[in-house]
Amino acid sequence: MTLAITRYSPRSFDKIRARCAVAFESWIDANEAEIHAAVALSDIRPVVQSLVENGCRLASVFAEDRIASESSFLLYHLFDHPGDSRFLLVRSSIPASNPAFPSVSAEVPAVNWQEREIQDWFGITAEGHPNPRRVALHDNWPEIHPLRKDFPIDTVLPPFEGEQHVYRPTHGEGVFHIPVGPVHAGIIEPGHFNFAVAGEPILYLQLRMFYTHKAIEKRFEQLPVRHAVYLAESISGDSSFSHGTAFCQAIEAAAGIEIPQRARRMRTILLELERLYNHVGDIGAIATDVGFAIASAHASRLREFILGVNEELTGSRLLRGVVCPGGLRRDWTGQQTEACITALKHFEAEFADLMRIIRSSDSTRDRLDRTGTLHPDQASDLGIVGVAGRASGINRDLRRDHPYAAYGEISFDVPVYQEGDVLARLRVRVDEVDQSLAIIREIAARLTPGPHRTSLPPLPPDRIGLGAVEGWRGEILHWVRTGAEGRLERCKIKDPSLSNWPALVEAVKGNIIPDFPVINKSFNLSYSGTDR
Amino acid sequence: MFHIFQKSAQTGLVTFGYPQQPAQIPAQFRGAPAFDFSVWRDARPAAEVCPTGAIQIHDSAARRTVTVDYGLCNYCGECAEADTSGAVKITQNFELAVRKRGDLILTAEYALSPDGNSTYLGAPGPDFRTWDTSNLNQRDSEKLGAPGLDFETGEASNPTDAGAPGPVFGTWDTTTFNPSDSEHESLELKLQQKIHSLLGRSLAIRQVDAGSCNGCEIEIGALNNPIYDLERLGIHFVASPRHADMLLVTGPVTRNMELALLKTWRATPDPKLVIASGSCAISGGIFGINYATRGGVSTVLPVDVFIPGCPPRPHALLHGILLALGRMEQRESLLHSPAINPRTR
């Protein structure tokens, strides 16, 4: 394990701008967290290339429909850089008369799906995309573009007809396909996996997601902001609090408000509790998938324990109904904080016992070691985020690189492994459990009495804001533009799963089919977060 | 190996006694809101803050009808915070599962006077359980404008007649099966008894996610952990619908999952039970009914039991599953004490 070095030259974007071959139309230091720049549509490819060559990462690409006010679509490329605690948001304008933009997926495969989503949802062509097939809408859907403003959300679509998706054929002696899903064998979400196998080893895996697409981004445009928080919590149930917080941060950035210190610290504690219950659950799920029932039983018992801690602090096992723009809806008492810390002390001892049991099993180690390897160079090309990225050498954690909530107050280790296998992903989780416990203890000690929320002023229209949270799975981004009457004009959501599904495809290659469940579990991606 | 035995001995028995014993639930838990309609002078503040629209107000002339839909509620507790009259309280009640969708809806009528005050007139029926559900089905019929799939064949029921609202199961031939209400109820009862005798003691469940946020999956998965240990009740989850007696369905039923859900239902041998788990599986929940969702399992399949919650906690799921098996009645007297159940008010 290599521990993170605090790397800080906070203003590296300014230097990169000077080195950029292409001139930006504008460059505004919007606030402490964001730079807003604009480029001509024709300059996108050179700008992206130049920024990526200078070490920037293209975190997200998204669009919005501004036909009514500007007769154009707006396209956004969001970058970050290890040497800058700000995000760089590059805007370009696409005329409504010619809805097309230059694709950068060939150079930056990380945005492959995201560019295709723009095609599907807005009807804007990604020119030069190496694989421009539909991704977000299945092939049997009619030609609709749901995120355009002239498409009513309650449109009634006719029954679907025709092929739902055409999979790449496989030929050869002894080569066959194993279709799995969308209804899977376990208690998990729906998606279709199409394996091409030769004997037991997997030749390649084709994914078909978006079975759970339920128009969430469009739905955000219907709800008042205070109700939309609950929708944010329902993007991915296991990340309810992280998604809720990312959304609230975006709203707070748009409103230009600071939340009280106590609220920042309370959010930090809850974010870490969410990480704890999911990480320990995943450790148990990995044990399940290698047939280690006793470890799995202990892990699921510990997960239940943390869910109980969640409920005792907030009234909700999944930490729902707690976060709100301006802070938190509910406070808790000093007694509750103490009870939480005592409970976590018990958890820590139990977790150590669990890990002793798992580590004592050579057969478990044998199943995990060098299984489902994602090489660091692949991970970096695909823009893999979160746990999966850190297990494949990507030293990135928004908590440290773009501090939010109370993470700026403290220092903690970011575990990074180079191996990229299931074992490395397990180790990242185990190390992060230890770090989370330390973070909660430290923040709880600083949790002084004070206001837990500040009131949200009426939101003026046309403000934009970005919320970025390192959820337990990885980077969660919410970007909002406010509209009239306290509603939202647009809410873009990027769940880490959307970035990480292509990693699964690479990681399973050459592995045997019976190892697929454990490889899949080691990523544990959200279908609902991907499909929205 | 030694660690493993040592740990097991240290840990001991961790399984809860529910449902034989009352559930141990933290005092902070937010269960169902309870409404004292007779002192609830003004429902508007609560209705305004309700994120899912579970509290609805309909004014006509001098009358105001207030409905509360537990099948749409996401149990956030905002209504109790917004209401100043003290008529809305958050209870610890989680045993909300019912057999009829209409049983999840409370309704109250008020007389409106010109000065803006309202006077409680009572509920429009002796028991809300028997209340006419035509209002409720309004939501259903909205989405029924969407042409459905025939749930026997999985094919488009009537693609040429896309816009016409029709009965829930468009292709059911109602001319040959049209019993009177009492006959219908006794038939239903007999069928239920038959199902209970067949499946009541040992049950295999196939869980189907029809587009949920995965919150319900977290709680359903928890039923397998040593705390809830579903298998002690003879109930277990199976990998194939062919082995299943019951489908436990979550999610608002996305258009993309509709056919898969139907196929799973058809692959499940008769007799079978269907449970809709979670508010979005009951009504579409916060996602509503839109171009990508159907708005609840009952728009696609006949549902035996509805379990409200967002998500329903494991105890609530267990309660709903046992209710579907007819095993809950035996415990009715113990578990439905008036103190915790807003519906027995």
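The values are calculated or read from the model by the stated rules, or taken from the named source; none is laboratory data. It should be emphasised that the depicted structure is a prediction, and the values quoted were computed from it without experimental measurement. Cβ coordinates were reconstructed from backbone atoms using ideal geometry, including for glycine residues, and neighbour counts include every protein chain displayed. These accessible areas exclude ligands, DNA and RNA; they are computed on the full protein's heavy atoms, side chains included. Shrake-Rupley method; radii C 1.70, N 1.55, O 1.52, S 1.80 Å.
Values for this structure:
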quantity	calculated
Neighbouring partner chain Cβ atoms per residue of A:148-157, average, 10 Å criterion	4
Separation in nanometres of the label points that stand 7 Å from Cα toward Cβ, at A:ILE341 and B:LEU13	3.6
Threshold 30 Å² - residues in region A:286-319 whose accessible area is reduced by that much or more when the chain is no longer isolated, probe 1.4 Å	A:ILE294, A:HIS298, A:SER300, A:ARG301, A:ARG303, A:GLU304, A:GLU311, A:GLU312, A:GLY315, A:ARG317, A:LEU318
Cross-link pairs A:LYS15/A:LYS494; A:LYS214/A:LYS494; A:LYS218/A:LYS521; A:LYS149/A:LYS214 - those with Cα-Cα distance over 21 Å	A:LYS15/A:LYS494; A:LYS218/A:LYS521
Inter-centroid distance (Cα atoms) of region B:250-294 relative to region A:39-61, Å	42
Average Cα contact separation per residue, chain A, under 8 Å, 6 or more apart, as relative contact order %	17
FRET efficiency estimate (nearest 0.05) - Cβ-Cβ, A:ILE257 to B:THR84, R0 22 angstrom	0.25
Prolate/oblate/rounded label for region B:200-335 (Cα gyration tensor, a/c 1.5)	prolate
Sulfur and carbon atoms: percent of accessible area, region A:388-512 [1.4 Å]	49
Electrostatic dipole magnitude of region B:200-335 [Cβ: Lys, Arg +1; Asp, Glu -1; Cα centre; debye, to 20]	240
Interface A:B - total buried accessible surface [probe 1.4 Å, Å², rounded to 100]	5400
Prolate/oblate/rounded label for the protein assembly as shown (Cα gyration tensor, a/c 1.5)	rounded
Cα gyration tensor shape for region B:33-130, rounded if a/c is under 1.5, else prolate or oblate	oblate
Label point distance in nm, A:ALA185-A:SER71, each placed 7 Å from Cα along Cα→Cβ	5.9
Whole-angstrom gap from region A:167-191 to region A:307-356, using each part's C-alpha centre	40
Antiparallel %, DSSP beta bridges [both residues in the protein assembly as shown], to 5	75
Euclidean distance between Cα centres, region A:214-264 to region A:86-147, Å	25
A:ASP362-A:TYR167 pseudo-label distance in nm [points 7 Å out on the Cα-to-Cβ vector]	3.9
Length-normalised contact order of region B:33-130 in % [C-alpha pairs under 8 Å, at least 6 apart]	33
For residues of A:206-217, the mean tally of beta carbons on other chains within 10 Å	6
A:LYS149-A:ALA100 FRET efficiency (beta carbon distance; Förster radius 22 Å; 0.05 resolution)	0.70
Lys/Arg +1, Asp/Glu -1 at C-beta; the protein assembly as shown dipole; positive extreme among A:GLY181, B:THR107, B:SER85	B:SER85
Span-rule helices in chain A, defined as complete DSSP H runs reaching 15 Å or more along the axis (Cα) with Kyte mean at least 0.5	A:240-255, A:422-445, A:496-508
Percent carbon-and-sulfur accessible area, region B:33-130, ignoring ligands, DNA and RNA, probe 1.4 Å	52
Calculated FRET value between B:ALA62 and B:ARG99, using beta carbons and R₀ = 35 Å, to 0.05	0.50
Among A:PHE241, A:THR373, A:MET266 - extreme Cα towards positive end, dipole of chain A, charges at beta-carbon	A:MET266
Charge dipole of the protein assembly as shown about the Cα centre (unit charges at C-beta), most positive-ward option of B:TYR291, A:ASN395, B:GLY71	A:ASN395
Unit charges on C-beta of K, R, D, E only; dipole of the protein assembly as shown, Debye	1220
The protein assembly as shown - accessible surface per residue (Å², probe 1.4 Å)	37
Length-normalised contact order of region A:24-82 in % [C-alpha pairs under 8 Å, at least 6 apart]	24
